[in-house]
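The values are calculated or read from the model by the stated rules, or taken from the named source; none is laboratory data. Model, not experiment: these values are computed from the prediction. Here the Cβ positions follow ideal geometry from the backbone for every residue, glycine too, while neighbour counts run over all protein chains shown.
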Amino acid sequence: MLSLLLPKSNRFLLRTFEIPNSLCSLFFFRLISSDHESSDLSLPSSPSSSPSQCLVKSVCSLVCTSYLRQNHVVSSPHRVNLDFDANSLTHEQAITVVASLASESGSMVALCFFYWAVGFEKFRHFMRLYLVTADSLLANGNLQKAHEVMRCMLRNFSEIGRLNEAVGMVMDMQNQGLTPSSITMNCVLEIAVELGLIEYAENVFDEMSVRGVVPDSSSYKLMVIGCFRDGKIQEADRWLTGMIQRGFIPDNATCTLILTALCENGLVNRAIWYFRKMIDLGFKPNLINFTSLIDGLCKKGSIKQAFEMLEEMVRNGWKPNVYTHTALIDGLCKRGWTEKAFRLFLKLVRSDTYKPNVHTYTSMIGGYCKEDKLNRAEMLFSRMKEQGLFPNVNTYTTLINGHCKAGSFGRAYELMNLMGDEGFMPNIYTYNAAIDSLCKKSRAPEAYELLNKAFSCGLEADGVTYTILIQEQCKQNDINQALAFFCRMNKTGFEADMRLNNILIAAFCRQKKMKESERLFQLVVSLGLIPTKETYTSMISCYCKEGDIDLALKYFHNMKRHGCVPDSFTYGSLISGLCKKSMVDEACKLYEAMIDRGLSPPEVTRVTLAYEYCKRNDSANAMILLEPLDKKLWIRTVRTLVRKLCSEKKVGVAALFFQKLLEKDSSADRVTLAAFTTACSESGRNNLVTDLTERISRGVG
């Protein structure tokens with residue numbers, strides 16, 4: 001039994017307490033009876049010494065006297081206050097006292113002494129005291145209190161890593177007539193969940209059915225809570241589905257945990273589905289439940305749905321509070337709808353019930369910073385102080401980030417100093433905001449100096465810090481230093497996400513180190529990360545530039561097979577590669593497929609493919625290719641094409657397209673005309689220039 005309950009992943013925690021199943025009952029008997037020969041398990045042999053007997057009688061008398069002096073509630077025994085030194089009582093004497101009291105004075109008096117005794121370290125982890133007490137209560141027919149003692153044992157022994165041993169004794173008490181109850185088994189589940197022993201809790205849950213205990217709503221609730229807290233979202237989803245299928249409804253607090261956890265993991269639609277399902281079963285959502293969903297929808301960017309949820313909440317009789325409004329304001333700001341957010345903010349300001357809090361102000365400040373409206377952000381920063389609200393580290397970091405992105409590093413440094421003056425220390429997120437902006441503004445030395453300052457303040461780099469540093473080294477084409485940071489990041493315990501791996505793969509590709517990029521790509525896949533369209537596009541583009549069109553096509557097909565949708569840049573890279581190999585027909589098919597998908601080809605792709613047709617003296621197909629473009633795009637593309645044809649001394653075809661260009665735009669741009677004039681002059685075709693110049697001067701297309 002004990003080994004069954006012990007999960008493989010947690011056996012190291014409790015290995016000293018594993019007991020073979022065959023010895024479990026024998027262990028229980030020896031634990032109770034020790035060296036005593038008495039067959040009465042509830043009454044250990046009386047100590048032979050007369051002083052010991054007197055002490056036991058004296059303690060029993062003290063307990064009874066204290067108990068009789070108090071007003072009693074039958075279900076809740078008082079913990080008596082004994083004017084007695086617990087250290088003068090031996091373990092054997094303690095179990096004799098509890099057994100004697102249960103036999104002569106009743107269960108409640110015995111429980112009073114029991115709770116007094118386990119309040120002392122000497123008896124708190126003395127298992128025989130629990131077992132004798134439970135057995136004595138069982139002899140009195142008081143199963144409820146016997147289970148209460150077992151639950152007390154479970155909690156106290158879990159404190160010292162002996163939960164598995166305590167659970168084993170609870171299970172073995174079935175041989176003494178104390179069948180495990182759902183309340184006691186749920187106590188085991190609750191303790192295991194609190195300790196993060198989810199696999200252990202699952203084993204206990206399975207054992208409940210074996211022992212004839214039917215899991216109830218609390219059992220499922222505890223498993224759901226445990227899995228969500230441990231980040232095991234799929235497992236939590238499975239337990240929650242089972243819970244709802246049995247008609248059990250979570251309480252409001254559990255519902256909030258479920259909705260918040262699902263939303264934080266991007267499963268907002270799943271959260272809404274459970275929310276609706278629970279309502280169908282009779283669940284009555286409260287303000288906090290609605291606010292959790294509204295917050296999740298706002299973080300997802302589903303602002304319209306969030307406001308629809310708000311309307312439903314109001315219809316159900318709940319008025320939005322400051323947290324509801326803050327979630328909506330934050331969502332609006334993140335979508336760039338700052339003015340709408342500010343109107344909602346003003347509604348809070350004018351409210352007699354709720355006022356904006358620090359988080360509300362921080363969201364609004366972040367919205368204005370995002371739109372580069374730093375004056376308004378600073379105004380709100382001052383306003384919140386006037387209202388008696390103290391900006392927190394997140395508020396300062398948000399405003400510092402805004403100034404850094406705008407290049408106002410002087411003000412950013414002032415704010416960092418102000419933080420220190422007001423008792424706040426900039427954290428690594430604050431420094432990351434400044435370092436990232438400095439690197440993007442080509443001020444890397446200043447960024448490194450600031451980072452060293454952060455380290456001198458006792459801060460440590462996080463995953464974002466390493467990503468910034470690696471990205472900067474890749475930008476500087478120092479791939480070796482980037483890899484050094486990458487290795488240090490892994491040693492520190494931070495795992496690189498797909499975005500960071502994309503940066504490294506792209507850097508390898510730019511340096512034409514395809515073997516390294518291929519190895520990193522395979523490593524990423526083996527680690528369970530999913531390559532994105534940026535990953536595939538980098539690989540395809542580089543193989544095309546290297547002239548390895550077969551590998552480029554292989555990655556393109558793998559990309560589609562794994563559900564990653566190519567964008568116009570992916571198609572453009574592959575079309576350019578095919579054109580370099582003079583595979584114009586294949587390139588044209590790919591171009592048409594891109595158009596069919598509703599993608600807009602980049603200008604370079606249009607020009608490249610049209611130029612390849614021109615090289616083959618097939619200007620008609622080049623014209624057909626460009627025909628669907630709107631006038632503005634057509635003119636821009638043809639101008640570029642004419643200049644490219646001129647650079648390759650293909651003056652005749654260039655003249656053809658130039659004439660078509662003048663038909664749509666009689667005022668030819670000077671750059672294109674200059675390129676055409678130069679090419680004609682160098683090719684001895686000045687007559688073409690004369691003809692086109694006359695047409696331009698007459699304004700004839």
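Would you confirm whether any residue within segment 549-570 is in contact with a Pro (Cβ under 8 Å, 6 or more places away or on another chain), closer than 29 Å to residue 464 by Cβ, not basic (Lys, Arg) and not in a helix (DSSP H, G or I)? First the steps, then the outcome.
Taking segment 549-570 first, the residues in contact with a Pro (Cβ under 8 Å, 6 or more places away or on another chain) are 556, 559-560, 562, 564, 568-569.
Pick out the ones that are also closer than 29 Å to residue 464 by Cβ and you get 559, 562, 564, 569.
From what's left, not basic (Lys, Arg): 559, 562, 564, 569.
This time we only want the ones that are not in a helix (DSSP H, G or I), so: 562, 564.
Yes, because at least one residue in segment 549-570 is in contact with a Pro (Cβ under 8 Å, 6 or more places away or on another chain), closer than 29 Å to residue 464 by Cβ, not basic (Lys, Arg) and not in a helix (DSSP H, G or I).
Given the residues 645, 629, 641, which is the only one that is outside any helix (DSSP H, G or I) and either without any contact (Cβ under 8 Å) to a residue 60 or more places away in the chain or charged (D, E, K, R) (or both)?
629
Using the structure shown, decide if residue 232 is more than 16 Å from the chain's Cα centre (by Cα) and free of Cβ contacts under 8 Å to residues at least 60 places away in the same chain. Spell out how you get there, then give the answer.
Values: more than 16 Å from the chain's Cα centre (by Cα): no; free of Cβ contacts under 8 Å to residues at least 60 places away in the same chain: yes.
So residue 232 fails the test.
Within segment 182-210, can you find the residues that are under 19 Å from residue 246 (Cβ atoms) and either outside any helix (DSSP H, G or I) or charged (D, E, K, R) (or both)?
Those that are under 19 Å from residue 246 (Cβ atoms) and either outside any helix (DSSP H, G or I) or charged (D, E, K, R) (or both): 202, 206, 207.
Please name all residue pairs, on different chains or six or more residues apart, with Cβ atoms under 9 Å, provided the first residue is in segment 295-324 and is at positive phi and the second residue is part of a helix (DSSP H, G or I).
301/331; 301/334
Evaluate the following for residue 206: is it charged (D, E, K, R), in contact with a Leu (Cβ under 9 Å, 6 or more places away or on another chain) and without any contact (Cβ under 8 Å) to a residue 12 or more places away in the chain?
So residue 206 passes the test.
Pull up segment 280-292, narrow it to residues that are assigned to a helix (DSSP H, G or I) and either surrounded by 15 or more Cβ atoms within 10 Å (Cβ to Cβ) or in contact (Cβ under 8 Å) with a residue 24 or more places away in the chain (or both), then point me to the one that is farthest from the chain's Cα centre (by Cα).
Applying the filter and picking the extreme gives 287.
The conditions are (1) surrounded by fewer than 19 Cβ atoms within 10 Å (Cβ to Cβ); (2) farther than 20 Å from residue 216 by Cα, and residue 261 fails exactly one of them. Which is it?
(1) is the only condition that residue 261 fails.
Out of all the residues in segment 421-441, which are among the β-branched types (Val, Ile, Thr) and touching an Asp or Glu at 6+ places or on another chain (Cβ under 6 Å)?
Hit for segment 421-441 is 428, nothing else.
Residue 342 versus (1) exposed (fewer than 15 other Cβ atoms within 10 Å of the Cβ); (2) aromatic (Phe, Trp, Tyr); (3) touching a Gly at 6+ places or on another chain (Cβ under 9 Å): which is the lone unmet condition?
(1)
Among the residues of segment 242-252, are any modelled with pLDDT of 90 or more, in a helix (DSSP H, G or I), within 19 Å of residue 195 (Cα to Cα) and among the small types (Gly, Ala, Ser)?
So far as segment 242-252 goes, no, none of its residues is modelled with pLDDT of 90 or more, in a helix (DSSP H, G or I), within 19 Å of residue 195 (Cα to Cα) and among the small types (Gly, Ala, Ser).
In segment 385-401, which residue that is modelled with pLDDT of 95 or more and among the hydrophobic types (A, V, I, L, M, F, W, C) is nearest to the chain's Cα centre (by Cα)?
393
Considering only residues that are in a helix (DSSP H, G or I) and surrounded by fewer than 17 Cβ atoms within 10 Å (Cβ to Cβ), which ones fall in segment 265-279?
If the condition is that a residue be in a helix (DSSP H, G or I) and surrounded by fewer than 17 Cβ atoms within 10 Å (Cβ to Cβ), then 269, 273, 276, 277, 279 are the ones that fit.
Please determine whether any residue of segment 345-353 is closer than 22 Å to residue 382 by Cα and buried (at least 19 other Cβ atoms within 10 Å of the Cβ).
Looking for residues that are closer than 22 Å to residue 382 by Cα and buried (at least 19 other Cβ atoms within 10 Å of the Cβ), one finds at least one in segment 345-353, hence yes.
Would you mention how many residues in segment 134-158 are surrounded by fewer than 20 Cβ atoms within 10 Å (Cβ to Cβ) and either without any contact (Cβ under 8 Å) to a residue 24 or more places away in the chain or under 15 Å from residue 109 (Cα atoms) (or both)?
Qualifying residue count, segment 134-158: 4.
Could you grab me the full set of residues in segment 134-181 that are within 39 Å of the chain's Cα centre (by Cα), small (Gly, Ala, Ser) and either under 19 Å from residue 116 (Cα atoms) or not in a loop (DSSP other than H, G, I, E, B) (or both)?
158, 166, 168
Here is a yes/no grid of residues against (1) under 18 Å from residue 100 (Cα atoms); (2) modelled with pLDDT of 85 or more; (3) loosely packed, with under 10 Cβ neighbours inside 10 Å:
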site: 46; (1), (2), (3): yes, no, no
site: 49; (1), (2), (3): yes, no, yes
site: 53; (1), (2), (3): yes, no, no
site: 58; (1), (2), (3): yes, yes, no
site: 64; (1), (2), (3): yes, yes, no
site: 68; (1), (2), (3): yes, no, no
site: 72; (1), (2), (3): no, no, no
site: 82; (1), (2), (3): yes, no, no
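Kindly indicate the residue of segment 669-685 that is in a loop (DSSP other than H, G, I, E, B) and over 56 Å from the mean Cα position of the chain (by Cα) and also nearest to residue 613 (Cα to Cα) among those meeting that condition.
685
Pairs please, first residue from segment 164-178 and closer than 12 Å to residue 147 by Cα, second anywhere and of a type in the set (D, E, K, R) and assigned to a helix (DSSP H, G or I), Cβ atoms under 6 Å, 6+ apart in sequence or on different chains.
none
Among the numbered criteria (1) buried (at least 16 other Cβ atoms within 10 Å of the Cβ); (2) at pLDDT 90 or above; (3) of a type in the set (Asp, Glu), which one does residue 172 miss?
That leaves (2) as the condition not met.
Out of segment 511-531, which residues are within 24 Å of the chain's Cα centre (by Cα), exposed (fewer than 15 other Cβ atoms within 10 Å of the Cβ) and not aliphatic (A, V, I, L, M)?
526, 528
What single numbered condition from (1) crowded, with 23+ Cβ neighbours inside 10 Å; (2) more than 28 Å from the chain's Cα centre (by Cα) fails to hold for residue 329?
Condition not satisfied by residue 329: (2).
What number of residues within segment 479-510 are loosely packed, with under 14 Cβ neighbours inside 10 Å and over 26 Å from the mean Cα position of the chain (by Cα)?
1
When you check residue 671 against the structure, is it touching a residue at least 24 places away in the same chain (Cβ under 8 Å) and closer than 14 Å to residue 606 by Cα, yes or no?
no
I'd like the residue in segment 644-668 that is more than 19 Å from residue 611 (Cβ to Cβ) and surrounded by 15 or more Cβ atoms within 10 Å (Cβ to Cβ) and, out of all such residues, is modelled with the highest pLDDT.
662
Filter segment 550-579 down to residues that are of a type in the set (Val, Ile, Thr) and surrounded by 19 or more Cβ atoms within 10 Å (Cβ to Cβ) and give me whichever is farthest from residue 521 (Cα to Cα).
Per the stated criteria, the residue is 575.
Among the residues of segment 385-400, are any farther than 25 Å from residue 320 by Cβ, of a type outside the set (Lys, Arg), in a helix (DSSP H, G or I) and touching a Cys at 6+ places or on another chain (Cβ under 8 Å)?
Yes, that holds for at least one residue.
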